[in-house]
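Colleague: Provided herewith is a single structure, encoded as structure tokens, for subsequent inquiry.
The values are calculated or read from the model by the stated rules, or taken from the named source; none is laboratory data. Note that the coordinates shown come from a computational prediction; the quantities given were computed from them, not determined experimentally. Quick reminder, even Gly has a Cβ in these numbers, built from the backbone with ideal geometry, and neighbours come from all protein chains shown.
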Amino acid sequence: MKTEKYKSVGIIRPANGDWRVIYDFEIPDQPGKFKRFYVRDGINYFHDPEEKQKAAEELKADIILALQNGFNPFLPGEQVESQIFVEEIEIDTQPEPNWTVSEAFIKYLEFCKKKNLSDNTIKTYKTFIENMKFWFNAQDQLELPLANVSSIDFIEFLDNSFDEYEWSSRTYNNHINFIKTFTKKVYSLEKKIFPGLIYKVEIADLDLKLDRAEKNRYYSPTVAKSVKKEAKAFPELYNYMKWIFYSCMRPREISLLQVKHIDLDSRQIKAIAPTAKTGDRLVPICDELHQIILDLDLTNKPPNYYVFGKNGKTCEERVYKNYFSDLFRPIKEKLGLDDKYTLYGWKHTRVVNLLSAGFSDPEVMSLTGHKDYESFQAYKRELVIDSSSMKGKTIDF
């Protein structure tokens, strides 16, 4: 049987809008070793989602046809239409294609259905999978082999979601337990097809979380002053930090924020939920945030522009997911701050400041998005033990 020299032709759709068609082609004289090719060829000129999808599908079909007809990207002068190979990544892989992350999710759910697991159990598993799919897609990893995903990737997913969605320790630990079950079962299923398969993920590296208090680290006045001093050298980052502080919006909500979502007349912002689970919400515009909106001249920008778009500027392209985190990291390193200090920590700082200033719980809840008093009290306990006890004069030594 003839072994194809290419594999894994697919479309990747990262959150930053930089769509590409990918395929792996066997390196000449190195059986089983492939090089990955990324092809854009103009598909990102389309901004309408349906037109962009159509263009991507057409490009994918053209590439498949060319490969079937003997196209070899390693031969000089070879072209497919006006194909431009702008980026290549050499990868070591097995002669047969492994399951991608998205395929592994499908295979696992198929296995669960064959085992006649209850509808409620499968529904719960689907929730875990949807959370992971959203994150892996944003990381441009959904169509990559699951065998190449490491423990670090899963830990980053867990920590990012824990902080951004304010997961409880129970939710965090439930996801860990699912990841362990999922990777163990998928590995055993895939290994039956690919006997030499090795997974990078080490489930022992995934530790359960006892509490989340340390993760909700806010900026004390001294630390905040030092951080703001450094951040002022990066105007986009500084404005982004102020936006989180005054709006208490999540980073993913801000990444989806467009000019059309801001209503200055009603003094509110429609925060678009990244997932259906959290739901959209309305964020009040305080005087300080109102001034930032005016300073950024957002009222004169097109409605479809992202407030914090590509390179942190207001434009029609979405920002790269880790853009602001990458800007912030050198500042943390310079000041000797650990990873528990995050950009989202400015929200926690805002909450602490408001509570300390005497604002009521309902007023603060209108900013944080908490829908019930009990969950807000639990969140508040993680930040401030008590706003009054033992803070006045007590007794002398």
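Colleague: Looking only at residues in the range 290-342 that are of a type in the set (A, V, I, L, M) and touching a strand residue (DSSP E or B) at 6+ places or on another chain (Cβ under 8 Å), which one is surrounded by the most Cβ atoms within 10 Å (Cβ to Cβ)?
Modeller: V307
Colleague: With the requirement that a residue be under 26 Å from W99 (Cβ atoms) and either assigned by the TED database to the domain that holds S375 or among the small types (G, A, S) (or both), what does the range 154-189 give you?
Modeller: S161, S188
Colleague: Starting from residues that are within 17 Å of the chain's Cα centre (by Cα) and of a type in the set (S, T, Y), keep the ones in the range 330-356 and report whichever is farthest from S255 (Cα to Cα).
Modeller: The qualifying residue farthest from S255 (Cα to Cα) is T342.
So that you can scan it fast, the table gives a plain yes or no per residue for (1) in contact with a helix residue (DSSP H, G or I) (Cβ under 9 Å, 6 or more places away or on another chain); (2) among the polar types (S, T, N, Q); (3) crowded, with 17+ Cβ neighbours inside 10 Å; (4) at pLDDT below 80:
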site: N16; (1), (2), (3), (4): yes, yes, yes, yes
site: W19; (1), (2), (3), (4): yes, no, yes, no
site: I27; (1), (2), (3), (4): no, no, no, no
site: G42; (1), (2), (3), (4): yes, no, no, yes
site: K52; (1), (2), (3), (4): yes, no, yes, no
site: L75; (1), (2), (3), (4): no, no, no, yes
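Colleague: Here's a follow-up. Of all residues being of a type in the set (K, R) and part of a loop (DSSP other than H, G, I, E, B) in the range 1-53, which is farthest from I254 (Cα to Cα)? Just the residue, please.
Modeller: K2
Colleague: Name the single residue that is farthest from R250 (Cα to Cα) among those in the range 132-151 being modelled with pLDDT of 80 or more and surrounded by fewer than 20 Cβ atoms within 10 Å (Cβ to Cβ).
Modeller: The qualifying residue farthest from R250 (Cα to Cα) is N148.
Colleague: Can you say whether R170 is closer than 30 Å to G369 by Cα, modelled with pLDDT of 80 or more and among the basic types (K, R), as far as the supplied structure shows?
Modeller: Details: closer than 30 Å to G369 by Cα: yes; modelled with pLDDT of 80 or more: yes; among the basic types (K, R): yes.
It is true that R170 is closer than 30 Å to G369 by Cα, modelled with pLDDT of 80 or more and among the basic types (K, R).
Colleague: Output the residue which, of all residues in the range 335-382 that are over 21 Å from F162 (Cβ atoms) and part of a loop (DSSP other than H, G, I, E, B), is modelled with the highest pLDDT.
Modeller: G336
Colleague: Residues to consider are L327, L367; find the one that is closer than 24 Å to D140 by Cα and under 25 Å from the mean Cα position of the chain (by Cα).
Modeller: When all the criteria are applied, what remains is L327.
Colleague: So is K215 at pLDDT 85 or above and either surrounded by 13 or more Cβ atoms within 10 Å (Cβ to Cβ) or over 25 Å from the mean Cα position of the chain (by Cα) (or both) or not?
Modeller: In short, no.
Colleague: So for the range 261-274 (the condition being surrounded by 14 or more Cβ atoms within 10 Å (Cβ to Cβ) and polar (S, T, N, Q)), does at least one residue qualify?
Modeller: yes
Colleague: Write out, first by first residue and then by second, each pair whose Cβ atoms fall under 6 Å of each other, whose residues are 6+ apart or on separate chains, and whose first residue, in the range 27-38, is touching a residue at least 12 places away in the same chain (Cβ under 8 Å) while the second is part of a loop (DSSP other than H, G, I, E, B) and of a type in the set (A, V, I, L, M).
Modeller: K33/I27; K35/I27
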